[in-house]
Each structure stands twice: as structure tokens, then as C-alpha cells.
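These notes are about the structure you will find just below.
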Amino acid sequence: MVVGGCSYKMTKNWFLRGTLKGIKTEKFPAADPLNPPLWPSRLNGSGDVQCPTDAIKDGIWDEQRCIFCRRCLPNYKPTEEQDIFTVRENTNEFRKSLNIYFVDTGSCGSCNTELSTIFSPRYDANRLSIFAVNTPRHADVLVLMGVLTEMMKEPLYKALEAMPEPKAIVLLGTCSITGGIMGKGVLLPEDANLILAGCPPSPYTILEGLERLKGGKK
Amino acid sequence: MDDDHRREKENKNLLHDHMKFHYGPTAGGLLESVSMEFSTPGEKISSVSVNPAFKMRELSISGKSINDALLMVERINGYHSASFQIGFLTAVEKALNINVPDDIMNARILQLELERIRSNLNVMERLCLPAGFGVPANQLSFLKEETSRLIGNVSGHRYFFGTNLPGLCRISVRSLNDRIKEVLYDYEDILDALLSSKIFVNRLQKNGFIKDERMIGPAARASGFPIDARADSNSLDYSNCPFSLTLRDEGDSFARFMVRAEEIPVSRDIIISSSQKIRNNLIYEEEYNGSGNGISRIESPSGDLFFMVSIEDGIVKSLEFSSPSIVNIGLFKKSMPGNVFTDFHFNWESFGIWLSEVVHIK
Amino acid sequence: MILLEYTEFIILILSFISALISVYWRRTGYIIIIIASVLLSVSAFTLHSYITYFALIASISWIIVSVFSISYSKDYGKWITPLFDLTIAGMVLILFSESYLIFIVGFEIMTMPAYVTILKNRSNHAPSFIFMAFGELSTMFLILGAVISMVSHGGSLSFVNNSNDYVLLFFSIGCMLKMGIMPFMISEWLPIAHGSAPANDSAIFSGTMTLMGVYGIYRVMLLSPASMYLGLFLMFVGAMTVFFSSLYAYVSQNMKVLGGFSTMENNGAILCAMGLYVSVTDTILREFLLSAIIIFAMAHSIAKSGLFLSIGSTRSEYFGEKSARKRGHDLGTLLIVMSLSGLFPTIGGLAVWMLLESFFMGAYIHGIIGIASISVGSVIALAEGFGSAAMLKLFYFSGGNNVENKVNRKEKDVLLFTGIILVALFLISTLLILPEYVAGLPSVLVFNGFTVESSVTGSDFGLVSPVYVFSLVALFSLIAFALFGRPRGRVVPRWEGGITTLENYTSSGYSNNIRIMLRSILRTKISEDRISVNNIFWSFMVFSGRAYRKFGGFFGRKFMNSSVSWYMIYMIIAFIFVLFTAALL
């Protein structure tokens, strides 16, 4: 990008370099996503298929069980729709800002990176007043990802205890919701306020889900 | 306190224990759960112990079909999923004496290099963060996201999940060459600007120095050991690719940063060259049945990844692999003494450790 | 021999008898000492006569320590009480002495039981031998000073005015050895030796035995002429001691050793003030210095006795690695520690203020004394900072390894009583100081008689009003309490990254900053899991102590089989040697 004949390449000043690059952030969730991934996204189709996690049973697709392994192709096809999340309880308490703290209870690492991606320039969750904090003491929302390992039980419960009220719990990814193929889920899905499906959920799903938890409307 | 100890204290005037404090297992600065205990007399770290067992998952792979095992293997380290899939499949193919077409080989090389670019960008970004370099960190994370999107378009999944299957490789290389050039268009400029910042370079130089025979991957190449499975393993043939070994001699965090930074253009060139050699829809007819033992060694973004698989009638009997991250944790522990605590984050991130690789396979 | 007055005679007899009685009746022994102390303070104390204040200070310390000892000394053998009482008897003799000879005899009576106490409390004999070696060296110098005074003033050993600088020089070196101060050698013998005794004895050693050293110099100083070079020498020695001992106090891991170093630091500061007194001729400053010295000695002795008792009440010796005991509500210890840190509203705050004022006023004197004064003042101010940090460490980490955290109720009351005395002395300090330095500022409602005022060259320098300081602090606290009520606190479990650790900020971590920053002075060595501080002074002391023991053992085997008799013989030889040297001078 060139502004007034100046290229960001002409300066070593980081502030100017950052500014001159222009805005890279998408309008999502106000606008449609620019580059939605095929997998994971809402699946559409019919018929019985071999599903390793029983996510497709009797022709009904359960997003919370699906690990998006593509074995159901070509009976079921991805639609690129990213709204595969469930908000259980929509409170007004986090309307102004949402501070999230995540606990990795045994993930493969991709949920971790997808969550951190929502703070990158493409998505910029900060513009929606969603912030990551460094301790559960400052958190409104505890984001859990991965299956629950034996040694992470104590840190998980301590983090839950350490959070101030009101608090919300988010299950991120199939591992934490139902365990998928990797083990057992972290909590019962009924205990969570927001369930983000996907393996791993795409940043679009995470961003929109958190925005809805905050009380934002599509 | 027994009398001898007391007397010893009196005679030598006074002895004091080092102070111990821990970090983790969950903290905002850690991407994954790991607990570390530092021991320090003050200022300098005298030793550090790492407990990677917090998120150790238990996977029962033996007795599963190759396809089902693959679903788990690709989720051992999701960020290096392609390496794990390809390493596992190569070992299986070795066990069953299956010859894979060159197109598939090239598609695998392409995947590995795409993954390496993203992983190296990730390490570079995470090295900028503790230095407080927000702008380059965001610019690198932008490149990282663009790479992820490119991977999503090429393979259908942003993390290559479900891309490599026995007899199938779901890769589409349409307009990949232009896209990868476009994505990395800014990269060299960002790197130049970063390297011209003395503040950034000083944080990395002489930090976490190590030279050890056991080193692997980028860490080894940063310490002057020419170890790279791409050059000396026959699991994947890189001989027709424009591959050159990146070698540095300093052995510190800066060298590890530079090795990763300089490997990105190399990977880009390999992608461009191999994508020209493959067609779309890589399907080959092979029966993955039979018995045998096979090993493979491929270069994951963090270093050597060995697989040893034993197959019986198409069922995985046993699976073992050597995690580069576990080796790197040992190297990190060894390189930490003598540095101060503020160096710790740089040193830790410079090894590119993924704790998800710590799994217990049954 | 000077005839003692009737009451003095009774007090002396009482204190010696208590030592005998306490062999069988421990508690009675302590009670007799308390009675003797009360008699001593009542009979000897005269308002505005500073030399009698020493008796008051010593009595208060003895009463506190004796009351404390009634419950504390149960845990130790039956020998502890007689030795304790005998030490005090020696000090009573010192306070009554009107001649060098009685003073030296008192000094010996005071030292001998202390030596035995340390010897009996430790399997390692090095501290007691070093204590003894220094005790004898000290006696030699005292005798030297006394003999010079006798020779130059017509053969009298009484305390009379003299015109010879050497009297004060040798006599003060003798006393300084007892206070743990020695030129160019920051001897650690005092902290190690004091740290090796039971806490109540340590309290007596640190609180009042060093006070006797101060008393000795003070006594002779008043009889001696002003001498710039002697004053500068004393200031230099004092400043060196103040600096190094405050540093070592801060890095010490043994609570009693920390107390011992703190004693050295305070005595060093007193010595500096004495040096300034000796070197200047300005009478207003000199008088103010005398007040400062006596207030400082008062603050130090009483608070230091309390400090060692507080350490004793933890029943442990080394710092706990974590603060097992919450000491926030231990008001007595808090006040003691505040006094030793030089904080208002305790007498220690006033003492430090007066001392620093003296040195900064000394800067108005032109020439080398002015420069020395301001430099020494700065060193003392710096050392007070280290001292405060050391005291904070002591307060915070003295929970010790005592898991049960049981503190005897009676002992705690004694500590609280000590703290209250320190505040009370602060409040009545305007009565104790000479009226020339007490004033007021009626224009701002501070009435006459309520401020302590320092002045130099005829104009005011600084002032402080203890009563008003205390009242305002109390008033605002009460207002805050009335408005907001009891402070509400919320205790939440600590977030430690998700796991439970027993990690705490450790006492060694607390002082490692200085260990590492000043590693060239402290000779810090860092090994894989240990960090050690070593110093050449102490190594030298241990070496000389061992050499002395070998020599003494050889001599003892040759001529005498009892070490006490050997000691007596040695005294006589030393006496003759000193007489001979003095005749030559």
C-alpha cells in the first residue's frame, strides 16, 4: 500500500510501517467471511455413512461429535457455513467486554493456535472488546480445549475456582465437548455456556461464538 | 538441623539455598500446558526443570485399522499434522512394501514445506512477542494466517487433517505458485526490518547457547551440525528440489531464529518446484493390506521425526515415534543455566517446542 | 579501694547473692535480679545527669530479660541462671566503679561467665575461644589505658581528668573490642559468639554488655581533652564498622547473628558520635552529641534486648525458608523492630534523628572535620537503610522452622511491654534531654517543652516533637477507625498457575540481591544449588582463635591443669607486661 507516495518499505519505524500497511481486518461478523474454510463447516447431506465418532446417525448430523474427517464424502458435503456453535445461556453481563483465559487440558495444539488467531490482524477480536488475559482472576470466560488428562484436572478446577463471578465456560473443539476420538470431554456439554464445534473450530466460528456470548446479534 | 550441618554452616560462614519458583502449568504466556520450576540465586537461572506430563494424552492405537490410526496420529501434534501423517504413512508403506507414485511424493514434500513455513512464522512471531515487538508480531501472524488459508485452500483443511490417506492425497495445487509468492511478498522486508533492530537482536544473541551431539532439527543446524532429514533420509526424495541446507554456527537463540527465518524462502522455492510436477486429484490404487515392520524418518518443522510401525493384516500392531519436542525440551533445560529469567521466553520459544507431542501410546 | 555507699553495697550484694541462690532456686535468682535492678535505677538515676542514665538503661534491660528468662531458661540446663546473674553482677560493679581498677575487675567478672555460657551451649568450641581471646585482648588495652592515666596523674587509679590522648585511645580500643569493633578488621566474633548463647544471654551480651563498653568510653571521654586526630580515628573505625556490619546483618541467615551484626552497627554509630565529640570544640554541638549518644544507647540497649528475646521466643536459630508465622499481630516485636530501624514513634527514631542531625551539623565546621562529619553521616544513613531492611527480614521471616507456631503467652507479653517502653521513652524524651535542647513553637500550637531542637552556630537546625508525632499518628488512626471501622480484608487462595506449591519468598531470596550485587565485597560464591558468602575477616578470626587455643592448651598442660587458673596467671603476666610498656611511654 502506498500513501501519498510513501511506501512502508521506506521506513524502519515500526509505528509508521504498521500504519502505512493499512487495514487488513475483515468486517466479519458484520459481513460474510472472506475466506471460510471448507472443513470444518456445517455439513449438509443425507444417508448413512461410516462415521468414526457416530456424529452421523440415522441421517442426522451432530456437530458436537464431528471431527470433520471427510469420511462421509460424498454423501455429506461442507457448506462453508461457519456458525457451528451453540450458545446455552446468553447473559447481558459481558455486553461491554469479554476477557478470556484459556486452559489447555490436553489438546493437539491446533485449537490453541486457532484461538490465538482471533487476535491476529485478519480477525482482530480486540475491536469487538474481546481480550485475552493472563490469569483466571481477571477472566470472565474460561475457554477449555482438548480432552481432560489426569494431571490437568487440578489446574482446571483451580482456574474455575479462581475466576470471579459472573463467569462463563466455553468448550472449544470436539475434544473438549465429547472427546472425539482422542478420549473424554472436559465437562458435560450442559455445563458450558458456549460450545464451539469443529476440529479445530475455525477463527470465524470462535469469533462469532464469543460475540454471541457477549450478547451481540448477527 | 543436625549438629554437623550446623557446624558446617558456622565454619563456612553461611550457605544459602537457591530460591525456587515455578511457572505454569497454565499461564497467559504459555500456549500449551507445561510446568517449569526455576532455581536461582537471584538474577541468573541456575537450573530449570520442565514437567511436560500435564497434558499427556493416552492414545490406544494398537489394534486399529490404518485409517483409524491415522485419525489419531494426525491429532498428536495438530500444528505439525502433515509431518505426522506423512511420517506414519511412509512407515506403513515401508512395512507393506508399497511403492508410492512420484506425484504423491511431490505432494507430500509440498505439504511438509507449507507446514514448515507456517511453523517457522509461528516461532518468529512468538519470539517477537516477549520483546514487545507488537507490529512485526502482528505482521508475521498475518502472514501465518494467510499461509493457513492457503493450506486450507490447497488441502481443504487448515491443519491438513484428513488430507493424506492410504491411496489418496487430497491436494489441489491450482494457482498455488502465485498464491505462495503473494503471501510471502512482504516477508523479506519484515525480516530485514527486524534484523536492523538492535533491541530485538540483542535479546536473542548469546541467549540459550548450546552445542550438543544429541541436537536435531533447526536447533542442530543453528549450532553447526548439518543434520536434516531432507538431506540424509531416504523416506522422501528431495534430490530434485532446490533444497539447500541452512547452517549457522552461533548456537544461540538468534541462530535458531535465523535458521528458521532463512528456511522460509527455501521452502517457498521447494513448493514452487514441486507443485509444477504434480497433477490434481492424487489417487493411486493400492491395497494397504499385509504384514510387516517399517520405519521412516522425515524432517518435521521442529526436527527429526521417526516412526516405527508394525502392521499385521492391515491392523496396526504397535506404533512408536520419537518426538522432536521431547529432545528439544532436554536441550532447552541444558541451555538455560546462566541466562536470566527475562531470557527464558526467548529461549523457550526459539526451540519451537510442542507439548502435544508428549503422548502415551498404548 | 573506693568505699561504696550503703545502697550501692546492698545492690551489689544482692546481685552476687542471686548468682549463688539461683544454683538451687532458679526463679528466686531472677526475682532478686529484678529487685536489684529496680533499686539500681531508683538510687542511681539523676535527671539530666547523662552518666547516670546508663544505670537506668541497664536496669530496664535486665528487668525485661529476667522476666522473660523465668519461662525461657527452663529449656536450658541449671547452670544458665547463675552464670546469667554473675554477668549482671559484674556489670553492676562496672556501673558503680569510681576507678579504673574496679572497672576492669567488673569487666572480668562480666566476661568470665559469658565465656562459660557460650562454651557450654556449643559443641563447637571456636566461638567461645574467640570470645575469650578478644576478652583478654580487651583487658590488656584497658589496663594499658589505666596505667597511662595512673602514671601521668600521680599514681591514682581513680577516674580523674587527664591531659593525655593515649588514655582515651587505649581505653577506647579496649572497650571497642568488647563492642565488636576493631580497626580494619570487621571482626565477626561478636555476632558468632552472641549467636551461640541462649537468647536471654545473647540479649544481655548484645544489649547491656556492649553498653558497658559504651559506658567505659563515655566515662573516659568526658575526662579527656579534645583531640582532632583521635576523633577522626574513632569516626573512621566507627564508619567502617557501621558499613560492613550493616551489610553482613542484611545477608545473615542466622537470626541471632543478624542481631549481633546489628549490635555492631549501632555501636559503630555510637563510636562515630563519640569520635565527633572528641574532635570538635564547639560546646553546643558537644552537648547535643552527648544527648544523642545517650538516647541512641538507650534505644539500642532496650530494643536489642527485646529483639533477642523475640528471636528466642521462636525457639529457632536460623531463618525459616518461609514465613510460617504471621507476625503482623505481634505488636511488641513490631515496635522493637521499628525502634531498631530508626522509625517513629519509638525512641529509636528519635535516636537516629539526633545522631544524623549531629553529623549534618558537624558539616558546618570547616575543614577536615566538616568533611569527615558529613561523610560519616552519609555512611550511617546508608547503613541505617540496610539495617531497616535487615530488621524487616527479621520481622517477616522469623517464623522459623517452628511448625507449631506456639509462642508462650508470657513471653509475648514481655515483648509487648518492651515495645511499650520504647514508645513511652519516645514520649518522655523531652524530659530526659537537657533543657537547652528542648523548645517549642507556640505560633503553631506546639507548646514550649514539646520539641527537641538541634542548633548549630547559634541558629536552629532542625526540630522534632515526639508527643505531637505520636498524638497526630494516634489521632488520625482513630479518625480513620471511627470513619471506616475495622479494616476489612479478604483472603483468597493464591493463583499459582493451577497447582498447589509450597513456594514462598525465601529469606535467602530476600537478601540475595545484595549478595550478588556486592559479590566482590562479600566474596559470594555461587555453586549449582547453593550460594555462599565468605569473608576473609572471619577466616582470619577462626585462624587466630585456633592458634590461641593451641598455644593456651600447650601452656596449660605445661604449667597448670585448670584453664581458669591459667587464666588468672595470664592476667598477672599481662598486667606486668602492660606496666612495663606504660613505664616506657
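So here's what we get for this one:
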| read-out | value |
| --- | --- |
| Pairwise label distance in nanometres, C:K74 with A:L188, each label 7 Å out on the Cα-Cβ vector | 5.8 |
| Shape call, chain B: gyration tensor on alpha carbons, a/c limit 1.5 | oblate |
| Cβ-derived FRET efficiency at R0 30 Å, B:Q205 paired with B:S49, nearest 0.05 | 0.70 |
| Taking the C-alpha atoms of the protein assembly as shown, convex hull volume expressed per residue in Å³ | 233 |
| Estimated FRET transfer efficiency when R0 is 35 angstrom, pair A:D62-C:R494 (beta carbons, to 0.05) | 0.30 |
| Ordering of C:258-267, A:57-66, A:151-160 by packing [mean C-beta count within 10 Å, highest first] | C:258-267, A:151-160, A:57-66 |
| For A:151-164, mean number of other protein chain Cβ atoms within 10 Å | 4 |
| Fewest-first sequence of A:W14, B:W354 by Cβ atoms within 10 Å of each Cβ | A:W14, B:W354 |
| At R0 = 25 Å, FRET efficiency that the Cβ-Cβ distance of C:M517 and C:A480 yields, to 0.05 | 0.05 |
| Rh (Kirkwood; distinct C-alpha pairs) - chain A, Å | 18.5 |
| Nearby aspartates and glutamates by direct alpha-carbon distance to A:K57 (threshold 12 angstrom, same-chain neighbours under 8 apart not counted) | A:D48 |
| Shielding by partners - mean other protein chain Cβ count within 10 Å, residues of A:117-127 | 3 |
| Three-way shape call for the range C:377-503 based on the alpha-carbon gyration tensor, with the a/c threshold at 1.5 | prolate |
| Relative exposure of C:I421, B:I353, judged by other C-beta atoms within 10 Å (fewest first) | C:I421, B:I353 |
| For the range C:40-118 and the range B:285-307, distance of Cα centres in Å | 87 |
| Shielding of A:143-150 by partner chains, average beta-carbon count, 10 Å | 3 |
| Degrees, to the nearest 10: A:153-162 long Cα axis against longest axis of chain A | 60 |
| Distance between the range C:346-366 and the range B:109-176 - C-alpha centres, whole angstrom | 71 |
| Separation between Cα centres of the range B:210-252 and the range B:32-93, rounded to whole Å | 21 |
| Loop-resident sites, the range B:137-190, for chymotrypsin sites (Phe, Trp or Tyr not before Pro), counting at most 15 other Cβ within 10 Å (DSSP) | B:Y185 |
| Cα gyration tensor shape of the range C:29-157, rounded if a/c is under 1.5, else prolate or oblate by comparing a/b with b/c | oblate |
| Listed residue pairs exceeding 19 Å between alpha carbons, taken from B:K144/B:K334; A:K12/B:K198; B:K20/B:K334 | B:K144/B:K334 |
| Dipole magnitude (debye, nearest 20) for chain A, charges at Cβ of Lys, Arg, Asp, Glu | 1020 |
| By average C-beta atoms within 10 angstrom, highest first, the peptides C:283-291, C:149-157 | C:283-291, C:149-157 |
| Ranked C:F9, C:F484, B:F84, criterion: other C-beta atoms within 10 Å, fewest first | C:F484, C:F9, B:F84 |
| Estimated inter-spin distance, B:L195 and C:R286, nm [label 7 Å along Cα→Cβ] | 7.7 |
| Inter-site label distance for B:D17 and A:D54 at 7 Å from Cα along Cβ, in nm | 5.2 |
| Mean ellipticity per residue at 222 nm, deg cm²/dmol - from DSSP H runs of n ≥ 4 across the protein assembly as shown, formula -39500 (n - 2.57) | -17000 deg cm²/dmol |
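Since every read-out is calculated from the coordinates, none of them should be taken as a lab result. The shown structure was predicted, so the numbers you read here are calculated from the model rather than taken from an experiment. Here Cβ is always computed from backbone atoms with ideal geometry, including for glycine, and neighbour counts include all displayed protein chains.
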